[in-house]
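Trainee: I have a structure here, written as structure tokens, and I will follow up with some questions on it.
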Amino acid sequence: MGLSSIGTATEGMQLCIFDLRRGQHEGQELDKILYFFPPDLPFSTQLSVIGLSEGLITFTRIFSPEAACEVIEAERHSHVFYEAEPDIWMVMIVEKSKEPEAIWRIDALREVLKEIHSLFMMFHGSIRALLDKEPGGGLTRAHLYPFIMDYLRACQKLSPLDECCWDFLVGKKLLLPSLRDCLKERRTVQMLTVGREAAIEVQTLVRLLESSAGNAPCSSLILFQDLLVSTTLSPEDTVNLFTYAVLRLTPLALSSGARSWSYLRKGNTSSHVTAGSTLAPSGSVSEQFYGSQDTSPAGDNRYRVIRPLQHDKWSKGKDGFLITDIWGVDVGGSDVTTPIVWLQHTEERMYLCAYQYKSLTLILLIPLSSILNGEQGVSAVKQQLLENASLKILKVEEKLSKGWGGENAYHVSGYRYLIVDGNRDISRASPPAKVTTLTKESLLALNRLREEVDAEKSRSKWDNPGRDKDLEVSIRAKNNAWAIARITGGKELYMVLEKANETLLYASDAVEKFSNRYCSGAFSLD
């Protein structure tokens, strides 16, 4: 049974961001609204939704002052909460499916909220800082609206066979993370496995890259295809930059064929245009409140707003460096402005220089404070990088290409799996094309299994803070497949076995063999 029958697009969904410190006086209620989807709802409706969310947050704090509200399950809706910054809340309200079993996980929805906020901070800094800069809120709304809409329109396809997309926006409907995402873990990186000889070459390349800026404390990220090879960033910053690189910078992201950034899974160009044009009526009150919603790079004319998630804005220059006009161009219009990102770990603003050779993408981050003469200084660093590392880049790309097994390199026959290392924010999973062969019954069982594990992990977090809990859960699906989870030492294994015979003992033995052969025994019971 294919996945085409699993539909999760919903009209009964709202996404809002609001500030509890604002709009507390009569007549100023609108001040608290920083973002709302869909934006063309009447303000009375938007305030009603946010008022209810405020009430739920206040009520739950009576019983749990130290633990932020995470989810409220009502009869017809799920309310998913995320306190992105102190007193700044993101809330997703989702109408429950009419199917007897849920088709999305609450934790998966919350991860979407976390990812939106983390990526936003990487490019624009904190929401609170924007509010402090312009207390009226117009600057913050002008940044949030285009950024989130660009995010919702983004669609990641690993191959023409991959149906596991970030395909959120379909017209006015949002397509939420669903069954097809059960064997994926958002906000993690996927690593390339390399041999000892290749690893030594990569380490040498990293030193050459970071020496290109002289004594400046640079950081770097190296990807092969859409897989991480090396990073000198913190885990959180690595996840954010890796996510952006896969979305916009890697060879597959730049190509128009292998990776399609269409807004619709199925449809033609006219439906694509409709999706972008029906978000809010032109010249509406909502448009005036949230800022201009035109799709030009400039965005709101009142503020200079960059839109780093825009489609088709990156390209490869003749020298191999990736270029974009998202951050603007110089006065003469001949050179583009170097992108700037903000690192959460060091709280530094960094120039982002990306270089690409065949399947290899190199990202060098240089502190703004270390470049005294701006773009001229960045150009000098780029030239030095080419002089220092060109030959080593060719050698590393050649070695990694020879050892690369293709998009099915991590497929294990008979298994559909997901491995998550929560300590390092790393995951590995069955290729998406292989996951699509699972039946709906198997995916429903796995989804229910992950919900149970999420709930147990949440309870354990508050009962035994700082301690990882070992856990094993097995569920038999209606089609007799087994869905199995093993959690130990901060690592998680999720697996579906559709041909695992009749007994749990047989399925457990299959998991043991997988753990011993592919995970160095990390999930073995011995």
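Trainee: Sticking to Cα atoms, compute the Rg of segment 17-119 to one decimal and its Dmax as the biggest Cα-Cα distance, whole number, in Å.
Mentor: 14.0, 43
Trainee: Something else: For segment 416-519, count the residues as N, evaluate 2.2 N^0.38 Å, and divide the Cα radius of gyration by that value, please. Could the numbers behind the result be given before it?
Mentor: Numbers: Rg = 13.8 Å, N = 104, 2.2 N^0.38 = 12.8 Å.
Against the empirical 2.2 N^0.38 Å value, I get 1.07 for segment 416-519.
Trainee: Run the simple label-point estimate for Arg207 and Val336 please: 7 Å along Cα→C-beta, distance reported in nm.
Mentor: Spacing of the two 7 Å Cα→Cβ label points: 3.3 nm.
Trainee: Whenever you get a sec, line up Tyr506, Tyr357 from highest to lowest accessible area (probe 1.4 Å, protein heavy atoms).
Mentor: On the way: Tyr506 110, Tyr357 60 Å².
Result, largest first: Tyr506, Tyr357.
Trainee: Accessible surface of His311 in the full protein assembly, 1.4 angstrom probe, to the nearest 10 Å²?
Mentor: Ignoring ligands and nucleic acids, His311 comes out at about 80 Å².
Trainee: Given q = 0.21, 0.24, 0.25 Å⁻¹, what are the Debye log10 I(q)/I(0) values for segment 356-396, with equal point scatterers placed on the Cα positions and solvent ignored?
Mentor: Ignoring solvent entirely, the Cα scatterers give -0.73, -0.86, -0.90.
Trainee: Given 0.36 nm per residue, what is the gain on full extension from Lys478 to Glu375 after removing their alpha carbon distance, in nm? If you can, show how the numbers build up before the last one.
Mentor: Values: separation 103, 0.36 × 103 = 37.08 nm, distance 6.13 nm.
The span from Lys478 to Glu375 would gain 30.9 nm if fully extended.
Trainee: If you don't mind, there's one more thing I want to ask. Going from most exposed to least, what order do Glu134, Glu29, Glu115 have by accessible area with a 1.4 Å probe?
Mentor: Details: Glu134 50, Glu29 70, Glu115 5 Å².
Descending order: Glu29, Glu134, Glu115.
Trainee: How much length, in nm to one decimal, is gained on full extension between Glu456 and Ser97, taken as 0.36 nm per residue of separation minus their Cα-Cα distance?
Mentor: On the way: separation 359, 0.36 × 359 = 129.24 nm, distance 2.32 nm.
Net length gain for the segment: 126.9 nm.
Trainee: To the nearest 10 Å², what's Lys399's accessible area with a 1.4 Å probe?
Mentor: Ignoring ligands and nucleic acids, Lys399 comes out at about 60 Å².
Trainee: Using the beta-carbon distance between Tyr303 and Ala74 and R0 = 30 Å, what value does 1/(1 + (r/R0)^6) give for FRET efficiency, to the nearest 0.05?
Mentor: Values: r = 37 Å, r/R0 = 1.24.
That pair, Tyr303 with Ala74, gives E of 0.20.
Trainee: Averaged per residue, what accessible surface does segment 416-519 expose to a 1.4 Å probe, in Å²? Write out the running numbers ahead of the final one.
Mentor: Working: 5060 Å² over 104 residues.
Using a 1.4 Å probe on heavy atoms only, each residue of segment 416-519 averages 49 Å².
Trainee: For labels at Tyr357 and Leu471 in the simple 7 Å Cα→Cβ model, what's the distance in nm?
Mentor: Spacing of the two 7 Å Cα→Cβ label points: 4.6 nm.
Trainee: Once you place label points 7 Å from the Cα toward the Cβ at Ser64 and Glu512, how far apart are they in nm?
Mentor: 3.8
The values are calculated or read from the model by the stated rules, or taken from the named source; none is laboratory data. The structure presented is a predicted model; accordingly, all values stated were derived computationally and were not measured. Glycine gets a Cβ as well: all are built from the backbone with ideal geometry, and neighbour counts include every protein chain shown. SASA here: full protein model, heavy atoms, side chains in, ligands and nucleic acids out. Shrake-Rupley method; radii C 1.70, N 1.55, O 1.52, S 1.80 Å.
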